[in-house]
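Working notes, structure below.
What follows draws every value from the coordinates through simple rules; no lab data is involved. Model, not experiment: these values are computed from the prediction. Glycine gets a Cβ as well: all are built from the backbone with ideal geometry, and neighbour counts include every protein chain shown.
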Amino acid sequence: MSSDTVIETAPPRTRARMETPGRRIWRATYQQFEFKLGLFLLVVLVGAALIYPHMTKLSPTRMHIMQRFWPPVFLPGGHWSHLLGTDQLGRDLFLRSLIGLQNALMISVSAVIIMFVVGAIVGLLAGFYGGIIDTVLMRITDAQLAVPVIILAITILTVHRPSPESVTLVLALSGWPGYARVVRSVTLAERQREYVRGAKILGASPIRIMLQMIAPNVLPPIAFVAVLDIARMMIFEAILGFIGIGVQPPTPTFGNIIADGRQYLINAWWISTMPGAFLFTTLLGINLVGSSIERARNKVLEGRI
Amino acid sequence: MAFLATFLIRRLAQGLLIVLIVSFAIFTALRLVPGDPARLILGPMASDAVVEQTAREMGLRDPIPVQYVHWLGQVLHGNLGTSFIKAKSGGEAAGGRDVSALGDKATVVELLEQSVPMTLQLAALALVFAFMISLPIGILAGMNSGGWFDRFAVYLGSAFVSIPNFWLAIVLALVVTAELQWIPSIGYEGFAYTILPAFVIAIEMSPIFMRSLASSIASAKQRNFVQLADVRGLSKRRVFLRHILRNAAVPVLNVFGVQIGAMLGGVLIVEYIFNYPGVGLLTVQAVLERDFPVIQGVALISACLFVVINILVDLISTKIDPRLDF
């Protein structure tokens, strides 16, 4: 629920420079070392995930009985052909982690997009119309927030066989209320501003006011922060995989690789820990990038830049 | 006081509505799950006729709204139902697949009585750990906003949020419990078994506290009355406690209220990994075994908890900062 940390958008105080807030946020972001470090981690890892599986002859699913439990390359007995070692079925852990990363990214990015769109629609409607529409939509939002997400997730994923699509939807379901609340609160403030009142008097339709006037002003600052939610969703996806209700094996996901390796923890500790370290590095990249964007955005919105 | 009364009545009414929506949604969702609980209770050997009869006796064939109203009526009498699976002793009903076994099962209230204190103990210790980590770091970072410690806190926070909780739990159980044998974990045989799970939850929670504490202290420092306090000759200690910390407390409290739901999620998965006998483990097992009454009970309790904590957070906020009204 990192989106709840969003501070109400204040109108830009001065327009001394003819630069849009978006551009200023990007510039303030890029000046931070954290951002460059995070971006570097992401480029390396995502680049590897996109390229390496096509370069190698290894398969993420084919088993090799003779190559089981090989340790990572930096331990005695390790082999350069298997950087992070092999699992209980002789599959290469580096390749499986990369495929897991591909799946995790696809699922969590689409989930964040869906929750952002749904949250934005609900928040705009509730904030703009107010009254009964606001009350109904916000009570639904509160109710969604009050259900422990994991109970809901387990329930839904036992009804529908877990697939990339259903996992994505469950993740989106867990995240939209945060966005709905934030979008509503900034829309409430925006509705009072002169240009909106003027447009109403001039007879602009509500849909036009919402989509063409309010949305472009209130949504981009919130969208910047959504980057942080990608990391949260990746952890959540891994948790679902870990308790066996994520995308099902043999498709590798971080969750099911770590869960499989758990029984061999004493003798082959790397099966569970290496993919976890891989996931940690990816998340660190996303969080560094996301939090530097967030800080830049807060500075710009508070008029400090 | 009149304010307080209307505030409480309004918020409690809203809360009640939320709890009703949540419980109905969970109730309905559970009944759409494939797998007949009557069949699960009786086992694969029972004939279809017996299964059907048991299902009717348990009210599983009524329309869902009828079942819901019936359940709600029982809840009002303090009866959350009886577990389909768990025996009174706490374990699985031994061989418990015989037809008349319903009577020997534990009630949901009993199960919760056993597990809720365990989870509260875990959550309390986790909160203590989280504050021990985030208070000093957050305050120092906020007081030196922009300095090297602030930047260090940013990196530390990013590292903490990036650690997947279930992975940390596995690694700690492997290193601290199995290899070094410092602190026991896995199961529960004494208070020491709470330490590692609580630590994992604390690591998960502390970055949010750290960040909100640092940023609200930094912005409180910029306020006029803090900047002018030196001129007024107030001691640094007094300025810090009465002016800065007090103003920074409200946003942090609000973050805490919002985080409760997320924290419950963390508790659930951590209890599952450490096999810690709290509500989380109870819930995961209940879902995997289609134990409807238990799931409903847990969902109801946690929704109530969410509502109550958020009301409390608002009340305490107005206590700390009297300018806020209800």
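Work through the residues other than A:Leu202 whose Cβ is under 15 Å from its Cβ and net out their charges, Lys, Arg +1 and Asp, Glu -1. Write out the running numbers ahead of the final one.
On the way: positive: A:Arg193, A:Arg197, A:Lys200, A:Arg208; negative: A:Glu194.
Charge balance in the 15 Å sphere: +3.
So what's the projected area for the protein assembly as shown, the Cα convex hull averaged over all directions, in nm²? List each step's numbers first, then the result.
Working: hull surface 136.5 nm².
So the Cα hull casts an average projection of 34.1 nm².
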Quick numbers on the stretch A:232-305, Rg and Dmax over C-alpha atoms in Å, give 17.0, 56
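Under a Cβ-only charge scheme (Lys and Arg +1, Asp and Glu -1), can you give me the dipole magnitude of chain A about the Cα centre, in debye to the nearest 20?
Numbers: 27 positive and 16 negative charges, 165 e Å.
Computed about the Cα centre, the dipole is about 800 debye.
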If unit charges are put on Cβ atoms (+1 for Lys and Arg, -1 for Asp and Glu) and the dipole of the protein assembly as shown is taken about its Cα centre, the option from A:Thr141, B:Met58, A:Thr155 lying farthest towards the positive end turns out to be A:Thr141
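How many percent of all Cα-Cα pairs in the stretch B:121-221 sit more than 18 Å apart?
Working: 2588 of 5050 pairs.
When every Cα pair of the stretch B:121-221 is considered, 51 percent fall beyond 18 Å.
May I ask for the net charge around B:Ala198, where only other residues with Cβ less than 15 Å from the Cβ of B:Ala198 are counted and Lys, Arg are +1 while Asp, Glu are -1? Before the final figure, lay out the partial values.
Values: positive: none; negative: B:Glu204, B:Glu271.
Here the count lands on -2.
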Listing B:Ser215, A:Ser110 by rising number of other beta-carbon atoms within 10 angstrom, fewest first, gives A:Ser110, B:Ser215
Hits for chain A under the membrane-span-like helix rule (DSSP H, Cα axial span at least 24 Å, Kyte-Doolittle mean at least -1.0) are A:33-55, A:93-129, A:164-191, A:215-242, A:270-301
With +1 at each Lys and Arg Cβ and -1 at each Asp and Glu Cβ, the charge dipole magnitude of the stretch A:77-176 around its Cα centre, to the nearest 20 debye, comes out at 140
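How big is the shadow of the Cα convex hull of chain B, averaged over all directions, in nm²?
Working: hull surface 85.5 nm².
That works out to 21.4 nm², a quarter of the Cα hull's surface.
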Here the membrane-span-like helices of chain B, with no claim about any membrane, defined by DSSP H, Cα axial extent at least 27 Å and mean Kyte-Doolittle at least 0.0, are B:2-32, B:108-143, B:195-221, B:246-274, B:292-320
Computed on Cα atoms, the radius of gyration and Dmax of chain A in angstrom are 22.7, 77
Proxy exposure order for A:Ser185, B:Ser216, A:Ser163 (fewest C-beta within 10 Å first) is A:Ser163, A:Ser185, B:Ser216
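Just tell me how shielded B:153-162 is by partners: mean number of partner chain Cβ atoms within 10 Å of each residue's Cβ, no decimals.
6
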Placing +1 on each Lys and Arg Cβ and -1 on each Asp and Glu Cβ in chain A, then taking the dipole about the Cα centre, the residue among A:His79, A:Ile230, A:Gln248 whose Cα reaches farthest towards the positive end is A:Ile230
One checks the Cα atoms of the stretch B:189-242 and finds Rg and Dmax, in Å, of 18.3, 58
If amide H atoms are modeled at 1.01 Å from N in the peptide plane, then the residues at a separation of 5 or more from A:Trp70, or on another chain, having amide H under 5 Å from its own are A:Thr86
Surrounding charge for A:Gly246, neighbours by C-beta under 13 angstrom, Lys/Arg +1, Asp/Glu -1, total -2
